[in-house]
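The next block holds one structure in the form of structure tokens; read it before the comments.
The values are calculated or read from the model by the stated rules, or taken from the named source; none is laboratory data. Here the structure is a predicted model, which means the values were calculated and not measured. Here the Cβ is made from the backbone with ideal geometry for all residues, glycine too, and neighbour counts use every protein chain on show. The accessibility values were calculated without ligands, DNA or RNA, using every heavy atom of the protein model including side chains. Shrake-Rupley method; radii C 1.70, N 1.55, O 1.52, S 1.80 Å.
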Amino acid sequence: MTDSVSHMRLRFDKAEVMDDGEAGCRVRVTVSYAARVIEGEAVMGDTPIGYLKAAATATLKAVEETVGRRFMATLADLDHVNALGKDLVAVLVDIVFEDKNIQVFGSCPIAGPEIDAAVKAALNATNRFVELSMR
């Protein structure tokens, strides 16, 4: 028999852009794992894709929280790409896992709001480390 936890995945629930007034804007991402609901937040930068980078960063914070900080994940880069005729959000994530530094790639086709694709690309990049760290 296999452990049911090893088959669970982080599920994206929602991403919200919140205006802090003069301080700027933040993005809050909500994910769930089993019966837990986890939120991550990040401040938006002043770039055209700042809200996408904030969404990916907030997602990585939620992922770290989910796994009890068994690994650390930092957004290295995010961009819009066109590959094989598909528009994607692609992320490059730096991971520190068991004293090793690893860089992983994640992507998600843009099928709806771009902010959702940024969150899903960050989850795509970190899914295998979530599975490894939860064993």
Practice prompt. Just need a number here: residues in region 42-74 that are in contact (Cβ under 8 Å) with a residue 12 or more places away in the chain, under 15 Å from Val89 (Cβ atoms) and not β-branched (Val, Ile, Thr).
Written response: 8
Worksheet entry | Members of region 69-79 found to be open to solvent by less than 30 Å² (accessible area, probe 1.4 Å) and either within 14 Å of Ser107 (Cα to Cα) or more than 16 Å from the chain's Cα centre (by Cα) (or both), listed by number | Leu78
Fill in: Positions within region 55-68 being open to solvent by 10 Å² or more (accessible area, probe 1.4 Å) and either modelled with pLDDT of 95 or more or on the phi < 0 side of the Ramachandran plot (or both), in sequence order
Thr57, Lys61, Glu64, Glu65
Item to complete: Would you mind stating whether Asp116 is closer than 17 Å to Leu60 by Cβ and touching a residue at least 24 places away in the same chain (Cβ under 8 Å)?
Response: yes
Worksheet entry | Residue satisfying all of: in region 80-93; of a type outside the set (Val, Ile, Thr) and within 13 Å of Leu123 (Cα to Cα); least open to solvent (accessible area, probe 1.4 Å) among these | Ala90
Worksheet item: Which one of the conditions (1) free of Cβ contacts under 8 Å to residues at least 40 places away in the same chain; (2) of a type in the set (S, T, N, Q); (3) over 18 Å from Gly40 (Cα atoms) does Ser133 fail to meet, given that it meets all the rest?
Response: (1)
Discussion item. So if I check each of Ala117, Ala35, Ala42, Ala122, which one is under 15 Å from Leu10 (Cβ atoms), at pLDDT 95 or above and of a type in the set (Gly, Ala, Ser)?
Written reply: Ala122
